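Only one structure is covered here, and it is reproduced in the block below.
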Amino acid sequence: MKHSIKYIWSLALLALMSVSQFALTSCSDSDSAGGQPEITGVRVTDPEKADSLFTKASAGSKIVIIGKNLSNAQYVYINGQSVGVNSTLNTDHSIIVNIPSEINGFQLTAFNKGTADNPYLDEIKVVTSHGTAVYAFKVTAPYPSITRSQCRYPRSAGDILAIYGKNLVDVERAYITSMTPEEIAEAGEIGGTKVDASVETIVMDHHLNNSKTAYETDSELALTIPTLSFDTGSLVLECSAGTVYVPFSLYLQAPTIVEGADGLNTDMPVLGETVTIRGTEFIQVDAIKYGDVTLTPDEFTVAETEDEISFVFTKKPSKEGSDGKLTVVTGGGEASVPFFDYTTLLTDFDDTVVSEDWGGGPKIIKEQADGENPPFTGDGTFVHWLIENEGTQWWGTQVNFIHDWGDDKFYLPDFDVIPADATSDEIYLAMEVYNNNSDYDKVENYAGYLRYMVQTLSGGEIDWNNQYDSPDNWIDYEAGIANFKEKRLADIYGDNPTGKWYRHVMSLSHWSCYAGKTYSEIKDLGLKRIRIMQINPGSNKGTVDFCMDNVRLIYVKKTN
């Protein structure tokens, strides 16, 4: 009997424990899946920024939604558009989601407000099994930039200033400050006397960029100039994606020429080539000077945008009269850029020694322009690669040249032309090229390319480490079919136009003897010889037809 009672009590205790455990489990489940969800902030996944909360992010970003009772999220909407939820990245306190990019179909409220039934709002909405949470949040367009502003001089309150740029959308504030761009850059913040200005959007052309990798917006705004107590400063636009500023003045200022490759399309053109200068404040341009040459307004064209000047190069400066720079002279002042510096010239094929058949192989053609056949114009002698219907060729047409048989070396520019600390990827072997519809990058699977070889003062003439071939990876080595790292005969932007003279460049970082070195070190290594040879490792035939002149070293400072 005692055993039976003891057994009954044991069963009762076990049942009570089961009920208690069930109750505890139920309470635990209720705690994790119950309660009104709340979003308290948004951060990015970068650990270094984990303590910072954000109210905006760009399309394509990965974000962490922080809050309470966020488990069992069924849907996450950003700008009214559903984004995927991964349950493994969803806890009671956070949800990690990817904001889709525009190219993947995401719509920004700057360009699409949705519909009446489904408005696209600047917010994040999380729908869980136990409630909904909403948080104000902006998905921004790409970072803005101002390319130029335009208005007559002198300027007064009430005048309309046209502002042109990229991605000037969601403008939150526009104003003019008494601080100049240089003062802002030095201070690291925008201060001074700020005067708000009204701004209106005139053009907002939202489109896929040329590389088809992202959307961008060509923007034009109209800003009404406010009453100011100062004459110069900065125009500032605060957009959702960032703040940008440019110089501002009520009176005509000195022009500027853009730094780097964008400011001047070529530094040593041949006769007949078009020269393009880009900058700002090209207003009341009185003259363009280079060396002992002065161009008057009837010899050049200023764009209506006042940020570009072009002219056909018909007057070559003399060596004695050249000062190595081009100067734009306006009513507001002057701006200069390096131009036709003869100390950078390695050869123009006129009076330097050229051995076009060094080591054997087909000879290069030396020509002068006749005005009737391509390239139609040129400076004295240039070299011409003309190879019709070329097949497999590992030792093709070439040019091989040095400066002087006695010294057997080139004289490289001084440090006032190319800074001693300039890096090899800022120094280029440059030459003017006329590409007469060569089959480079035109005929499918035509593997023809140029092999560029350099010899330092102590290096051997045949040094396979000091050559550059443009093929990147071989699709079929036996067939000679390759991908190319860059277009053949490419300019500094990677393009190779046809039917006109243009500047072809090769960074010195392409050659292992110069790669990673400063110009001071490169000068010590020196340059003894250059060989440029046409190669076709493939069986597909093609025609090569281009001319070359004014081979030189140039310095193009990297701007980003």
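The values are calculated or read from the model by the stated rules, or taken from the named source; none is laboratory data. Note that the structure is predicted; figures quoted are calculated from it, not measured. Every residue, glycine among them, receives a Cβ derived from its backbone with ideal geometry; neighbour counts consider all protein chains shown. Heavy atoms of the whole protein, side chains included, go into the accessibility calculation; ligands, DNA and RNA do not. Shrake-Rupley method; radii C 1.70, N 1.55, O 1.52, S 1.80 Å.
Read through the list (1) in contact (Cβ under 8 Å) with a residue 24 or more places away in the chain; (2) within 24 Å of Met268 (Cα to Cα), then give the number of the only condition that Gly391 fails.
Unmet for Gly391, out of (1) in contact (Cβ under 8 Å) with a residue 24 or more places away in the chain; (2) within 24 Å of Met268 (Cα to Cα): (2).
Mind checking which strands (runs of 3 or more DSSP E) fall wholly inside the stretch 408-511 and carry at least 3 residues that are within 30 Å of Ser322 (Cβ to Cβ), in contact with an Asp or Glu (Cβ under 9 Å, 6 or more places away or on another chain) and open to solvent by less than 40 Å² (accessible area, probe 1.4 Å)?
On the way: elements: 427-435, 449-455, 467-469, 471-476, 481-484, 501-507.
Per the criteria, 427-435, 449-455, 501-507.
Within the stretch 125-163, track down each residue that is in a strand (DSSP E or B) and open to solvent by 50 Å² or more (accessible area, probe 1.4 Å).
Across the stretch 125-163, the qualifying residues are Lys125, Thr132, Val134, Ala136, Thr147, Ile160.
I'd like to know if the stretch 82-103 contains one or more residues that are part of a helix (DSSP H, G or I), in contact (Cβ under 8 Å) with a residue 12 or more places away in the chain and open to solvent by less than 70 Å² (accessible area, probe 1.4 Å).
Scanning the stretch 82-103, I find at least one residue that is part of a helix (DSSP H, G or I), in contact (Cβ under 8 Å) with a residue 12 or more places away in the chain and open to solvent by less than 70 Å² (accessible area, probe 1.4 Å), so the answer is yes.
Looking only at the stretch 112-124, which residues are within 16 Å of Lys56 (Cβ to Cβ) and open to solvent by 30 Å² or more (accessible area, probe 1.4 Å)? Walk me through how you get there before you give the answer.
So the first thing to find is which residues in the stretch 112-124 are within 16 Å of Lys56 (Cβ to Cβ), and the list is 120-124.
Once the filter is applied, which keeps residues that are within 16 Å of Lys56 (Cβ to Cβ) and open to solvent by 30 Å² or more (accessible area, probe 1.4 Å), the stretch 112-124 yields Tyr120, Leu121, Asp122, Glu123.
Taking strands (runs of 3 or more DSSP E) that do not extend beyond the stretch 169-282, which have at least 2 residues that are open to solvent by less than 60 Å² (accessible area, probe 1.4 Å) and not aromatic (Phe, Trp, Tyr)?
Filter on the stretch 169-282 gives 171-177, 199-208, 215-224, 232-239, 242-249, 274-280.
May I ask you to verify whether Leu208 is at pLDDT 95 or above and of a type outside the set (Gly, Ala, Ser)?
It is false that Leu208 is at pLDDT 95 or above and of a type outside the set (Gly, Ala, Ser).
Does Thr330 qualify as being more than 23 Å from Asp414 (Cβ to Cβ), hydroxyl-bearing (Ser, Thr, Tyr) and surrounded by 17 or more Cβ atoms within 10 Å (Cβ to Cβ)?
yes
Kindly indicate whether Gly526 is of a type in the set (Gly, Ala, Ser), open to solvent by 10 Å² or more (accessible area, probe 1.4 Å) and over 28 Å from Ile365 (Cβ atoms).
no
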